[in-house]
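**Student:** Before I ask anything, here is the structure I am working with.
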Amino acid sequence: MSAPADSLLDIRARLRSFAQERDWDQFHTPKNLAMALSVEVAELVEHYQWLATGADAELDEAKRTGIRHELADVLMYLVRLADKSGVDLHAAVLEKMALNRLKYPAELVRGDARKSTEY
Ligand SMILES: [Mg+2]
């Protein structure tokens, strides 16, 4: 259980069990999960609101813990949404990174943060 794909499968299995034990599978529709994911992203972003950069030096221990927990919430809803949508997340990431490599060739965009439509 050390490869990234295995980690995602482990998380997916734990989330399936968690939902089944509570009879919550019925509520985990793709729409509900997408909305919950969006809420968790907002909860994560809230920790950074009004900070200059959000770099570690600006954070106290309570903020670090909050950020860690919201990152976990985001990942859990993302994995659950992918599961209920029939998406292999690891394969999807590899597919999208291949597309991004074509869209942003390193030799063309190195050090340039503009979007592909801006250069
Ligand atoms: Mg949360």
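What follows is calculated from the coordinates using simple rules that are stated; it is not laboratory data. These figures come from a predicted structure and were not determined experimentally. Every residue, glycine as well, gets a Cβ built from its backbone with ideal geometry; the counts of neighbours run over all protein chains shown.
**Student:** Does the stretch 1-59 classify as rounded, prolate or oblate by the C-alpha gyration tensor (a ≥ b ≥ c root eigenvalues; a/c under 1.5 gives rounded; else a/b over b/c gives prolate, otherwise oblate)? Spell out each step's value before the answer.
**Tutor:** Values: a/c = 3.24, a/b = 1.57, b/c = 2.06.
The shape class here is oblate.
**Student:** Per 0.36 nm of contour for each residue apart, how much would the distance between Ser17 and Ala72 grow if the chain were fully extended, relative to their Cα-Cα spacing? Intermediate results must be reported in sequence, preceding the final value.
**Tutor:** Values: separation 55, 0.36 × 55 = 19.80 nm, distance 1.69 nm.
So the chain would gain 18.1 nm between Ser17 and Ala72.
**Student:** The stretch 2-79 to the stretch 96-119: how many Å between their Cα centroids?
**Tutor:** The stretch 2-79 and the stretch 96-119 have Cα centres separated by 28 Å.
**Student:** For the chain, evaluate the Debye formula with one uniform point scatterer on each Cα (no solvent term) and list log10 I(q)/I(0) at q = 0.12, 0.13, 0.14, 0.21 Å⁻¹, rounded to two decimals.
**Tutor:** For the chain at q = 0.12, 0.13, 0.14, 0.21 Å⁻¹, log10 I(q)/I(0) is -0.65, -0.75, -0.85, -1.16.
**Student:** Still on this structure: Starting from the Cα of Leu59, step 7 Å along the direction of its Cβ; do the same at Met97; then give the gap between the two resulting points in nm.
**Tutor:** Computed distance between label sites Leu59 and Met97 equals 2.3 nm.
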